[in-house]
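The values are calculated or read from the model by the stated rules, or taken from the named source; none is laboratory data. None of the values given here were measured: they were computed from a predicted structure. Quick reminder, even Gly has a Cβ in these numbers, built from the backbone with ideal geometry, and neighbours come from all protein chains shown.
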Ligand SMILES: Nc1ncnc2c1ncn2[C@@H]1O[C@H](COP(=O)(O)OP(=O)(O)O)[C@@H](O)[C@H]1O
Ligand SMILES: [Mg+2]
């Protein structure tokens, strides 16, 4: 099956409407800006490259290697895409991958897609870029031009990107009140600290392979930091923010719980609506048992109607065929 | 029956259904019952095999583990007790059940959408929303070459299995070696992808591609489809509103 | 524009990695002629075809199609005049559906929508795939893909068709169908192939290319009957050109290989 094995795709039902909408908005802004930059900076030649490499990352997520006792290492690919294509194209590539996973394979929800794109493409790419560039600089200072500096930086970028994206995911769940912060954050970060090792190893292996093949595929990311300073700073801010917020949230789960309870604009909208609809319009519907029975009756009617419709169409098709 | 319906209608109604489900407050079981009945009716209309539907939609449920701790952390009427002072509450159980049911209903509808609609039609629907063309083009290319590259990935894995047959699982070669081989396969996929992209670019240019994504316009929705869409919106909005008003 | 000719004059080309792919190649194809470009793998056939469309630029010499210089100023009309079909249909069919693939060329020619639809229908009709418009490209068989690939350039109404290994990888029936199809298309035809039977059925003239040079050109029968020449350049004389007596021996050899001695009980 094509299901991505990295457990970071939030399904629908877990995020509150407020959290879904906020992260959709953030993702739309992020991806929109990436589209603008790609349109400006990259040539038309890049369009098929982004499309096909997204397919390659998607296919690469199927590769695995056994670690120990039944567990295996997998690839998410945000760091690899960032290093090979540069941050803006990588955001589009990861968005395409995550979007197809949600729409075609139900790997991650549709309403939750905004949050999933935010975690895996925007956070994943920005953090990867920041980490990779910083590691590169550091290694440059320490050991000059060693051939292994690229794979090593790739390993660290892979690990950090997974870890930080998992923190973002856990915080969204906690904010939605569907997983307590003091459990979700340690659990998600613990699991992904391990998964991140697999990610880092595969990323490093892939970079080593590309380097050995002496290919100029690694050009875009080799550009100086100055050209993407905003991404670098963005990655730094996201990483630091999440690294500080998460332990805080997990130490004070009630704080997040409180936020979750303030179900945002819905609560605000509710009060006046109550006043508009007087109690006596729907007498007895407040009685939950009765309402449930009523819903059940209407539901059975609905299902019955659908069954009859299918039977009717089938019979007509058969009589046409005869 | 659902297979012939215009994809734009199906995509919009599926999203509205998921939105309505998400908006339903915890405890609004009558509303969830109605939504479930609606989903069931749609699955029947789609004429899918029940086993197939159950297996595919069950794949999303492991994530429900993330909600399980709520059973113990939500305060309320005690249900049962585990060692180390973990007490499950009735309210917690309801919260977990609420999340699981909502997730399953959403997955059910999303799955029914893809099972009755070719992805190419969904792409057309996305263009109808005026999504940026560049993004839709990238998604279309990803989809088109996904199967080509998955086949290549499978060939690579088969080749690896054929050559490392004598290595006993977990022994023989080191973890670093296994990771490097797998990484090499990923790198290989990327290089092959880049080569293919180069050839595709040639094929596109040969037919006049100038860098600006273009598509043939779609015919507008028929009156019947628009009526169906409006009816669907109305019904779902009513359900969501009922839930919010009486159980919110 | 109305003489649908190809003129390649003293063209040389080396890939960026230094590999010399074409060395002083000259070639003339007259209007309506059907020419085969044969030669072993790596001979430079594909490289030459890419020059016809301006996808590669000659490092020496020049290329003209339909009387137009293939160069920066003329790329639009040149690409509309030359329909180039790549060897791997997975490269040629890059859209999600068959319709979009066939419509791609006309769309970029800026044709109005109604014209695009009629052209797509006509091109699919011409390759016998009229019912396939709504199908997803990735699910087609190789034979179907090859036909659709041809339709993607027929919809451009090209004056010249350049095909790269059109029959490679096809099973005998799909290959027969393709040959039939090629004998019915109208434009000037240049086919790069090692399928010599196809050449005999479809083409009026062959050009033998090896190591980037034109070795010989002439009528298909003459060139391909020269067993020594063909073998030197990694090709074989097609069986349908083998003289009858020899063919009889070949058949007997083949039979002898299939039937193990002792298995024959009665004559
Ligand atoms: N993209 C490329 N980069 C470098 N060398 C190439 C490339 N494509 C082809 N070549 C080389 O150019 C020569 C001619 O190749 P090609 O035109 O593909 O031959 P043919 O189509 O006759 O098999 C070969 O030696 C091949 O290795
Ligand atoms: Mg070739």
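Results, tabulated for the structure shown:
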read-out: Output for region C:1-20, where each listed residue is outside any loop (DSSP other than H, G, I, E, B) and within 18 Å of the chain's Cα centre (by Cα); value: C:6, C:7, C:8
read-out: Given (1) within 30 Å of residue C:100 (Cα to Cα); (2) within 16 Å of ligand 1 (Cβ to nearest atom), index of the condition residue C:187 fails; value: (2)
read-out: Criterion (under 25 Å from residue C:208 (Cβ atoms), within 20 Å of the chain's Cα centre (by Cα), without any contact (Cβ under 8 Å) to a residue 60 or more places away in the chain and within 13 Å of ligand 1 (Cβ to nearest atom)) met by exactly one of C:55, C:48, C:37; value: C:55
read-out: Meets criteria (away from ligand 2 (no atom under 16 Å from the Cβ), under 29 Å from residue C:231 (Cα atoms) and touching a helix residue (DSSP H, G or I) at 6+ places or on another chain (Cβ under 9 Å)) for residue C:27; value: yes
read-out: Top-ranked residue of region C:57-80 - restricted to ones that are assigned to a helix (DSSP H, G or I) and farther than 27 Å from residue C:140 by Cα, ranked as farthest from the other protein chains (Cβ to nearest Cβ); value: C:73
read-out: Pairs, first more than 8 Å from chain A (Cβ to nearest Cβ) and free of Cβ contacts under 8 Å to residues at least 60 places away in the same chain in region B:54-66, second in a helix (DSSP H, G or I) and surrounded by 13 or more Cβ atoms within 10 Å (Cβ to Cβ), C-beta under 6 Å, six or more apart; value: B:64/B:100
read-out: Sole residue being in contact with a strand residue (DSSP E or B) (Cβ under 7 Å, 6 or more places away or on another chain) and on the phi < 0 side of the Ramachandran plot, chosen from C:99, C:86; value: C:86
read-out: Criterion: buried (at least 16 other Cβ atoms within 10 Å of the Cβ) and at pLDDT 90 or above - qualifying residue of C:68, C:84; value: C:84
read-out: Flag if residue C:118 is within 12 Å of chain B (Cβ to nearest Cβ) and away from ligand 2 (no atom under 16 Å from the Cβ); value: no
read-out: Unique match (being more than 18 Å from the chain's Cα centre (by Cα) and outside any helix (DSSP H, G or I)) among B:30, B:26; value: B:26
read-out: Only listed residue being over 23 Å from residue A:212 (Cβ atoms), within 14 Å of chain B (Cβ to nearest Cβ) and either buried (at least 24 other Cβ atoms within 10 Å of the Cβ) or modelled with pLDDT under 85 (or both), chosen from A:161, A:176; value: A:176
read-out: Members of region C:161-182 found to be under 23 Å from residue C:31 (Cα atoms) and either in contact with a helix residue (DSSP H, G or I) (Cβ under 6 Å, 6 or more places away or on another chain) or within 16 Å of ligand 2 (Cβ to nearest atom) (or both), listed by number; value: C:162, C:163, C:164, C:165, C:166, C:179, C:182
read-out: Single match in C:54, C:83 (criterion: in a loop (DSSP other than H, G, I, E, B), away from ligand 2 (no atom under 16 Å from the Cβ) and touching a helix residue (DSSP H, G or I) at 6+ places or on another chain (Cβ under 6 Å)); value: C:54
